[in-house]
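One structure below.
The values are calculated or read from the model by the stated rules, or taken from the named source; none is laboratory data. Quantities reported herein were computed from a predicted structural model and do not represent experimental measurements. When we count neighbours, we look across all protein chains shown, and the Cβ atoms used for this are built from the backbone with ideal geometry, even at glycine. For the accessible areas, the whole protein counts, side chains as well, though only heavy atoms, and no ligand, DNA or RNA atoms are used. Shrake-Rupley method; radii C 1.70, N 1.55, O 1.52, S 1.80 Å.
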Amino acid sequence: MRQAVIQTFSGRGFDLFSPNPAEIRIVDIAHSLSMLCRFGGHCKAFYSVAEHCVHVSKLVPLSDAMWGLFHDASEAYCGDMLSPLKPFRPEHREMEGEIQRAVAVAFNLQLPIPASVHLADDAMLATERRQIMERHSDVVWGRGNSKPASVRLSCWSSPVAEWKFMERFYEIRQGLRQDAFNF
């Protein structure tokens, strides 16, 4: 069995080929995603995967918000591969999927990722293209013609993105707890 162990922000070892849900920590996800720049850094300003995830989580119903926040959580462990490369790297996609399944178990999320999250992700892609990317008409983007979301991107610094990711995590968790008692 092959191993590819990384050290996470919290100092734990994490095997990319055999992800263990017990080794997944919110602090590792928040920190790493806050340090990863979307689009391989090819944007006008630093824009983190963490900020993207916070916005996605706010565009979906509360019942799907945790998935909105965690839809790119696997990238905290295996990096943010550029979307146009993913079809040519099936081994990476498989690893990413296994990590995402471990994240689902760790945070008690039901698979598959809800459709609302995919729609919000597409809307954020259109928003990001409009607000933080240079315009080039010859580049094809995304899965369709999604309309941009009504979100103003702030391009948070890494520490701010980490803090806002954690804040959103606790906000969603609290909201879901309160929702469970409203019957």
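Only one residue in A50, A106, A73 is touching a Ser or Thr at 6+ places or on another chain (Cβ under 7 Å) and modelled with pLDDT of 95 or more, so which one is that?
From the options A50, A106, A73, the qualifying one is A50.
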Count, please, the residues in the range 171-183 that happen to be modelled with pLDDT of 95 or more and either over 25 Å from D122 (Cα atoms) or within 16 Å of the chain's Cα centre (by Cα) (or both). 1
For the range 10-21, check the following and say yes or no: at least one residue is out of contact with any His (no Cβ under 8 Å at 6 or more places or on another chain), in a helix (DSSP H, G or I) and hydrophobic (A, V, I, L, M, F, W, C). no
The range 84-100, residues that are open to solvent by 40 Å² or more (accessible area, probe 1.4 Å) and touching a residue at least 12 places away in the same chain (Cβ under 8 Å): E98
Considering residues of the range 101-138 that are crowded, with 17+ Cβ neighbours inside 10 Å and among the β-branched types (V, I, T) only, the residue farthest from R152 (Cα to Cα): V103
Does F88 satisfy being among the aromatic types (F, W, Y) and either farther than 23 Å from I26 by Cβ or in contact with a Cys (Cβ under 8 Å, 6 or more places away or on another chain) (or both)? yes
In the range 47-77, which residue that is over 12 Å from the mean Cα position of the chain (by Cα) and not acidic (D, E) is surrounded by the fewest Cβ atoms within 10 Å (Cβ to Cβ)? P61
Run down S63, S57 and say which single residue is in contact with a Gly (Cβ under 8 Å, 6 or more places away or on another chain), at pLDDT 95 or above and not aliphatic (A, V, I, L, M). S57
